[in-house]
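One structure is given here, and the rest of the page talks about it.
Read-outs throughout are calculated quantities, based only on the coordinates presented, and are distinct from any laboratory measurement. Since the structure is predicted, the reported quantities are computational estimates derived from the model, not experimental observations. Positions of Cβ are backbone-derived with ideal geometry, glycine not excepted, and every protein chain shown enters the neighbour counts.
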Amino acid sequence: MQKPYFGRLMTAMITCMNEDGSINYDTCAAHSEWLLENGSDAILVEGTTGETPTFTQEEKLALIDAVCKRIGGKAPIIVGAGSNNTAATVAYCKEIEEKFPDVKGLLIVGPYYNKPTQEGFYQHFAAIAKATKLPIIVYNVPGRTGTNILPATVARLAKEFDNIVAVKEAAGNVSQTAELYRLVPEDFSIYSGDDGLILPFMAVGAVGLISVLSNIGGKPLNDVMDAFEAGNVKLAADLNKTMVPLANAMFVESNPIPIKAAVTKVTPFNAGAPRLPLVPISEAGEAKLDAALKAAGLL
């Protein structure tokens, strides 16, 4: 199995909206291509950064279609297909596999709100893995779901299902990532789910990043990873000092509020406003975002 499975830098793509709140499919497609031209190895469509919880099923399918038509075959396209309803997730994954041959993988979040036990997590992911041939990334984000998928559970899934190939680890815990690396198979890919933690996560076994920041370009992140992989830890640490404040600025308010504002400010694309219950960035948040963009030479 290749490692990293989907390349080193995957962008959790925002969804660009029109003024009336509808999805601007053409701009989304163009943005996906721009991301590949600006440092991304793969594109994640319909993650939470893409505001998918606010989409209708018709919108979800139309967005996948638009991105596949634009970049299908050029790079891996991964779809965020998880929910807290196992049966519904299984049905959606089957539909994606059937309708979109250019989709090369699925990101499946740990069920939110339900708060399953570790056995519940295992059975949830096992049901999905049995229902599709597509490669699966387990997404652990306790801050959003309320429950932590433990390393032993991820390792159990990785060892028992050939199509569970990676984890997006967003618990923010370096020790947990080190334990993951100790337990999972050698060819299993650990991706950081936090831009600001990519350097310490790589030091304990992560192979790449599923990024929010790279929506405005992947160079700062690739520079850090290049330096670390070349063995120049001092340079990686120095580059990290510049990258981390920029990454942190994308979370001065709930994601994806700041990154959508940043995309509109520093890329060729108008991201539009987020959908309710999220609202546009506040004046105070925008001031912090602008300061970080200026410090990074982007504004």
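Listing for the model above:
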{"item": "Most fluctuating residue given options Leu278, Leu36, Leu134, as computed from a GNM of the chain linking Cα atoms under 10 Å", "result": "Leu278"}
{"item": "Of every Cα-Cα pair in region 19-160, the percent that sits beyond 22 Å", "result": "39 percent"}
{"item": "Expected 222 nm ellipticity per residue - DSSP helices of 4 or more, -39500 (n - 2.57), all of the chain, to 500", "result": "-14000 deg cm²/dmol"}
{"item": "Under 12 Å from the Cα of Lys69 - aspartates and glutamates, other chains or at least 8 residues apart", "result": "Asp26, Glu33, Asp102"}
{"item": "Label-point separation, Glu160 to Ser282 (7 Å along Cα→Cβ), nm", "result": "4.5 nm"}
{"item": "Cross-link partners of Lys294 among aspartates and glutamates (Cα-Cα below 14 Å; sequence separation of 8 or more within a chain)", "result": "Glu286"}
{"item": "Entries of Lys99/Lys133; Lys3/Lys104; Lys60/Lys265 with Cα pairs more than 23 Å apart", "result": "Lys60/Lys265"}
{"item": "Highest-MSF residue in the chain out of Ala237, Ala152, Ala284 [GNM, Cα springs under 10 Å]", "result": "Ala284"}
{"item": "Region 36-100: relative contact order as a whole-number percent, Cα under 8 Å and 6+ apart", "result": "41 percent"}
{"item": "For region 189-299, with +1 on Lys and Arg beta carbons and -1 on Asp and Glu, the positive-most of Thr267, Gly218, Gly231 along the dipole", "result": "Thr267"}
{"item": "Residue with peak Gaussian network fluctuation, the chain [Cα springs, cutoff 10 Å], from Asp102, Asp65, Asp226", "result": "Asp226"}
{"item": "Dipole magnitude of the chain about its Cα centre (Cβ charges: Lys, Arg +1; Asp, Glu -1), debye to nearest 20", "result": "420 debye"}
{"item": "Those aspartates and glutamates that a straight Cα-Cα span of less than 19 Å connects to Lys130, excepting residues fewer than 8 apart in one chain", "result": "Glu95, Glu97, Glu98, Glu119, Glu160, Asp162"}
{"item": "The chain: relative contact order as a whole-number percent, Cα under 8 Å and 6+ apart", "result": "18 percent"}
